[in-house]
Each structure stands twice: as C-alpha cells, then as structure tokens.
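**Student:** Take a look at this one; I'll ask things after.
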Amino acid sequence: MNSDFRIATITAAATVAFYLQMFGNWTFGTLVFTVLVFTVTFKLALDTHYWTWINHFVIWGSLVFFVVFSLLWGGIIWPFLNYQRMYYVFMQILSSGPAWLSIILLITASLLPDVVKKVFWRALWPTTTERIQRVRDMTRFERAQASHISDSLLDGIALTEA
C-alpha cells in the first residue's frame, strides 16, 4: 500500500506540473486523498469474493458519502474556523480537467498491478475451487478430451451435478 501512495503522489505532481496549472497545498492534498479513498475502496471491491446487498451498500455508499461530505465540508463557511482554506477546494478539483485525468490515471495505475496479478495467478496457478469451476463449465466433449484432470475430480463433479 505504501508504494501505491508514492506512485499516486509522484504521478499527481507530474500531471499537475505537465498541465502547468497551479494548485495549492490544500488542492493537492485533497486530490491525493481522493485518489487514496477511491483506490482503497476499489481494491476492497476487487478482493471481495461474496457480494451481498450489505457489501454493495457499504462499499458504494462510502464513496458517495466521501463525495457528499467533501462537497459539504468545503462549501460551508464554518464560523469556528479562523481560516477558510478548504472553501470550495473539492469543487475546484472537480471543475479541473487535469485533476480528473490525474484521478482516473492514478486509480488505474494503482489497481493495474493487482488486476494483472489476479489474472496471471488464476491462469497459471488456479486453486482447487477454480479448477472445479473450470471443469464444471466444460461440455461433455471437452471433459472427455481433458486428460490432465483426474478421474476422481470428474467423479466428484458428476456426483454434485446429479
């Protein structure tokens, strides 16, 4: 996770410098924190094996809550704060094209290694459950040709289908 944060910070700084758009420290921090929240939430969604309505509610609801909270926190002048440095910072980010590009590219770059790893591991070293799922999805003809699968595994699948 630490390397994801470093990648996000470096790429965000490079993107902002590339487009020569001046952001303040609050804007840059909000951009990095937004990327962090979305990346961690999407990583959680990628690692979830069993989806229920509670999973959907919590995962996607937390993203909606973060966006709504950020809009409200930055859009209100708080009387107890001496400085209003966060005033409409989130709206400034959302109205900026380079910031949107940064957010999308950083989330994609942070999650891409995990997705590639999952695809390779499933293709090269499938678990027993994944092997059974693969065999279950085969037709009878394909099962007959699959000589690398043991007979006991096929008998176990045939018993569960009956």
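**Student:** Are any residues in the range 98-136 in a helix (DSSP H, G or I), of a type in the set (Ser, Thr, Tyr) and modelled with pLDDT under 90, and if so, which ones? Explain how you work it out, then say what you get.
**Tutor:** Initially, the range 98-136 is screened for residues in a helix (DSSP H, G or I), giving 98-124, 128-136.
Cutting the leftovers down to of a type in the set (Ser, Thr, Tyr) gives us 102, 108, 110, 128-129.
Of everything in the range 98-136, those that are in a helix (DSSP H, G or I), of a type in the set (Ser, Thr, Tyr) and modelled with pLDDT under 90 turn out to be 102, 128, 129.
**Student:** Any residue at all in the range 19-28 that's at pLDDT 90 or above and exposed (fewer than 12 other Cβ atoms within 10 Å of the Cβ)?
**Tutor:** Filtering the range 19-28 for residues at pLDDT 90 or above gives none.
No, the range 19-28 contains no residue that is at pLDDT 90 or above and exposed (fewer than 12 other Cβ atoms within 10 Å of the Cβ).
**Student:** For the range 115-135, how many residues meet the condition of being surrounded by 11 or more Cβ atoms within 10 Å (Cβ to Cβ) and farther than 18 Å from residue 47 by Cα?
**Tutor:** Filtering the range 115-135 down to residues surrounded by 11 or more Cβ atoms within 10 Å (Cβ to Cβ) leaves 115, 118, 121-122, 126, 130-135.
Going one step further and asking which of them are farther than 18 Å from residue 47 by Cα, we end up with 131-135.
Selection size over the range 115-135: 5.
**Student:** Just to be sure before I move on: is residue 13 of a type in the set (A, V, I, L, M, F, W, C), under 14 Å from residue 105 (Cα atoms), modelled with pLDDT under 80 and not in a loop (DSSP other than H, G, I, E, B) in the structure I sent? I'd like the intermediate steps shown before the answer.
**Tutor:** On the way: of a type in the set (A, V, I, L, M, F, W, C): yes; under 14 Å from residue 105 (Cα atoms): yes; modelled with pLDDT under 80: yes; not in a loop (DSSP other than H, G, I, E, B): yes.
Against the criterion (of a type in the set (A, V, I, L, M, F, W, C), under 14 Å from residue 105 (Cα atoms), modelled with pLDDT under 80 and not in a loop (DSSP other than H, G, I, E, B)), residue 13 qualifies.
The values are calculated or read from the model by the stated rules, or taken from the named source; none is laboratory data. Keep in mind that what you see is a predicted model, and the values were worked out from it rather than measured. Cβ sites come from the backbone with ideal geometry, for glycine too, and all protein chains shown count toward neighbours.
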